[in-house]
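For reference, the structure discussed in these notes is given below.
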Amino acid sequence: MIDSHSHTFYSKHAVGTVDELVRASIAAGVKILTITDHAPFTVDRDNRLLESELDRYFADIERARQAYQGQIRILRGLEFDHMPGAQAYNRGLLDRYDLDFAIGSIHYVELPGEPLAKVWELPRLAGKAFLDRYFAHLHELLECGLFDAVGHADTLLRAVPEDEVQRRMEPLLPLFARHGVAYELNASGLRKSSLAPGSSTEVQGVWNYPSRGILPQLIASGAAFTIGSDAHDPADAGAGIRPLLDELRPLGLERVCYFEGRRRIDLPLDFFNPAPATGTRTVL
Ligand SMILES: [Zn+2]
Ligand SMILES: [Zn+2]
């Protein structure tokens, strides 16, 4: 199994050390793990790495990489925030630190005259002003040339009807392949609550993202896909990845990728489901 999106206590709203996450991932059957804590940023500084912690973060990853060599491959990642005007800051970090994988995500949207909107504030997501800006920011993110993948682009499905997300996403779909940015299949959508249609009640256990409606068009346009649990607790290491692949394979998903040294490596889905050992076969 591959898990290309995971967090530790360095993100502050997540728990578990690098070592604890790695051991839980090994136990869950993950063979290639990318640790992607929230990168330093100018907004919401209490929910992410500080610049002063980055050396320690990468040292912890390096120590785990050596300690668990042969059991799991561990890669250095960060989940960046994209907002208008943030490119120079993010580019500065990317210039200073060698990463295997850089995710670009939108967690915050500025709305005139309102407090900063966050993508986990479900009742705010379906507003026209929010959606207009979210998709404008996503367009920018895809064209900025800084990131290997977009994190949970379809997280709005927790509160916005699929046809609305699909209609707004459609013009952007060809940009993933054109700019070499992977579309993340984020398995946390299998664990997170969503708003019941037409109500303000949050319900659990409903598939909200990744979008199954958008997937065939993305595949047809040549987009690449990363996959990750987005675990914020070692208890969720690798969570949802197998069920997600089982669900998406019949929709035409044939391969996923991960990034090493910022270079894309494609793997067929068979990598995740090796043929069962026969036990009786004789090798001549
Ligand atoms: Zn995120
Ligand atoms: Zn994340």
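A few remarks follow.
- Selection status of Gln217, modelled with pLDDT of 95 or more, among the polar types (S, T, N, Q) and surrounded by fewer than 19 Cβ atoms within 10 Å (Cβ to Cβ): yes
- Which numbered condition Lys118 misses (of (1) over 18 Å from the mean Cα position of the chain (by Cα); (2) closer than 29 Å to Leu50 by Cβ): (1)
- Of all the residues in the range 151-182, those that are on the phi > 0 side of the Ramachandran plot, within 16 Å of ligand 2 (Cβ to nearest atom) and among the small types (Gly, Ala, Ser) number 0.
- Within the range 160-178, being in contact with a Ser or Thr (Cβ under 8 Å, 6 or more places away or on another chain) and modelled with pLDDT of 95 or more holds for Val165, Gln166, Met169, Leu173, Pro174, Phe176, Ala177.
- Candidates are the residues of the range 63-82 that are within 16 Å of ligand 2 (Cβ to nearest atom) and of a type in the set (A, V, I, L, M, F, W, C); the one that is surrounded by the most Cβ atoms within 10 Å (Cβ to Cβ) is Leu78.
- Verdict on Phe80 being among the aromatic types (Phe, Trp, Tyr) and under 18 Å from the mean Cα position of the chain (by Cα): yes
- Residues (away from ligand 1 (no atom under 16 Å from the Cβ) and outside any helix (DSSP H, G or I)) located in the range 16-39: Gly16, Thr17, Ala28, Gly29, Val30, Lys31, Ile32, Leu33
- Search result, residues across the range 1-14 that are within 16 Å of ligand 1 (Cβ to nearest atom) and outside any helix (DSSP H, G or I): Asp3, Ser4, His5, Ser6, His7, Thr8, Lys12, His13, Ala14
- Filter result for Ala235 (in a loop (DSSP other than H, G, I, E, B), of a type outside the set (Asp, Glu) and over 29 Å from Pro171 (Cα atoms)): no
- Pairs with Cβ under 8 Å, 6+ apart, first in the range 183-196 and aromatic (Phe, Trp, Tyr), second more than 13 Å from ligand 2 (Cβ to nearest atom): Tyr183/Phe176; Tyr183/Leu218; Tyr183/Ala223; Tyr183/Ala224; Tyr183/Phe225
The values are calculated or read from the model by the stated rules, or taken from the named source; none is laboratory data. Since the model is a prediction, treat every value here as computed from it, not as a measurement. So basically every Cβ, Gly included, is an ideal-geometry build from the backbone, and we count neighbours across all protein chains shown.
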